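Worksheet: one structure, shown below.
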Amino acid sequence: EILMTQSPATLSVSPGERATLSCRASQNVNTYLAWYQQRPGQAPRLLIHSASARATDIPARFSGSGSGSEFTLTIGSLQSEDFAVYYCQQTITWPYTFGQGTKLEIK
Amino acid sequence: EVQLVESGGGLIPPGGSLRVSCVASGFSFSTYWMHWVRQTPGKGLVWVARISPDGSITTYADSVNDRFTVSRDNAKNTLFLQMKGLGAEDTAVYYCVRDIYATFDYWGQGTLVTVSS
């Protein structure tokens, strides 16, 4: 089973600033990597698939990068609705596994 | 609009059984792989099971194999998860999820299953 490790566990950023979240896979997952956002009381929402492709209706301030085992989610100019928990997921090998999440909080 | 609406969660005693359901709308349900993913505060998001569009292929996480059964009724646009031998470790919010090209693109709102005496 591929282990996904996200860092940091909590990230404090001021509105309007940029946030950078990291995800590391225990094995090479090529670009089979997705990012999800989960707001309090809501289900996860797909943000990024294939490491860098934005999902439908996702704002351009969300961008993903990386390949192999190191990935980054960057959120430019943070809006109030962006403060949430973010998860990465590998989709190259069953079982598909998720990271433990990064909580993005208001500084 | 794609919608996935789960139901059937509740409080179940240890060792009990429960079936949760997910009604899909807004897309051609019978052409998609579907999944169940669960979420607990301690272990985060964990994939549980998947089923092929025609229901002929199913796969399970090791932690639920032989206890959970995923099925679907394409005529009723409904996905099911039959759970038996429930334990405290199965307490979670269970999400119904649509799969498009190995990406989980739509999630239901979840149904809470609590296993406790």
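The values are calculated or read from the model by the stated rules, or taken from the named source; none is laboratory data. The model shown is predicted, which means the values in this text are computed figures rather than measured ones. Cβ coordinates were reconstructed from backbone atoms using ideal geometry, including for glycine residues, and neighbour counts include every protein chain displayed.
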Self-check item: Matching residues in the stretch B:101-114 - criterion: being more than 9 Å from chain A (Cβ to nearest Cβ) and either buried (at least 19 other Cβ atoms within 10 Å of the Cβ) or at pLDDT below 95 (or both)
Solution: B:THR111, B:VAL113
Exercise. Tell me which of these A:ARG18 doesn't satisfy, since it passes every other one: (1) touching a residue at least 24 places away in the same chain (Cβ under 8 Å); (2) in contact with a Phe, Trp or Tyr (Cβ under 9 Å, 6 or more places away or on another chain); (3) away from chain B (no Cβ under 14 Å).
Key: (2)
Quiz item: In the stretch B:66-81, is there at least one residue being charged (D, E, K, R), under 13 Å from B:GLY9 (Cα atoms) and surrounded by 14 or more Cβ atoms within 10 Å (Cβ to Cβ)?
Solution: no
Quiz item: Which pairs have Cβ atoms under 7 Å, sit 6 or more apart or on different chains, and link a residue in the stretch A:38-50 that is touching a residue at least 40 places away in the same chain (Cβ under 8 Å) and surrounded by 22 or more Cβ atoms within 10 Å (Cβ to Cβ) to one that is assigned to a strand (DSSP E or B) and of a type in the set (Phe, Trp, Tyr)?
Solution: A:PRO44/A:TYR36; A:PRO44/A:TYR87; A:PRO44/B:TRP107
Quiz prompt | strands (runs of 3 or more DSSP E) enclosed by the stretch B:41-102 - at least 2 residues per element that are in contact with a Gly (Cβ under 7 Å, 6 or more places away or on another chain) and under 16 Å from B:VAL23 (Cα atoms) | solution = B:68-73, B:92-100
Quiz item: Can you pull out the residues in the stretch B:24-61 that are over 29 Å from A:GLN6 (Cβ atoms), within 13 Å of chain A (Cβ to nearest Cβ) and among the polar types (S, T, N, Q)?
Solution: B:THR58
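Among the residues of the stretch A:72-82, is any within 14 Å of another protein chain (Cβ to nearest Cβ) and either over 24 Å from B:TYR95 (Cβ atoms) or in contact (Cβ under 8 Å) with a residue 12 or more places away in the chain (or both)?
No, the stretch A:72-82 contains no residue that is within 14 Å of another protein chain (Cβ to nearest Cβ) and either over 24 Å from B:TYR95 (Cβ atoms) or in contact (Cβ under 8 Å) with a residue 12 or more places away in the chain (or both).
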Quiz prompt | Residue ranges of strands (runs of 3 or more DSSP E) in the stretch A:33-87 with at least 1 members touching a Gly at 6+ places or on another chain (Cβ under 7 Å) | solution = A:33-38, A:45-49, A:70-75
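Restricting attention to the stretch A:88-100, report how many residues are outside any loop (DSSP other than H, G, I, E, B) and either in contact with a Ser or Thr (Cβ under 8 Å, 6 or more places away or on another chain) or away from chain B (no Cβ under 11 Å) (or both).
Number of matching residues: 2.
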Self-check item: Considering residues of the stretch B:1-56 that are surrounded by fewer than 18 Cβ atoms within 10 Å (Cβ to Cβ) and among the charged types (D, E, K, R) only, the residue nearest to B:SER117 (Cα to Cα)
Solution: B:ARG19
Quiz item: Would the stretch B:11-23 turn up any residue that is within 13 Å of another protein chain (Cβ to nearest Cβ) and touching a strand residue (DSSP E or B) at 6+ places or on another chain (Cβ under 7 Å)?
Solution: yes
Exercise. Report yes if B:THR91 is more than 24 Å from A:ILE58 (Cα to Cα) and within 14 Å of chain A (Cβ to nearest Cβ), otherwise no.
Key: no
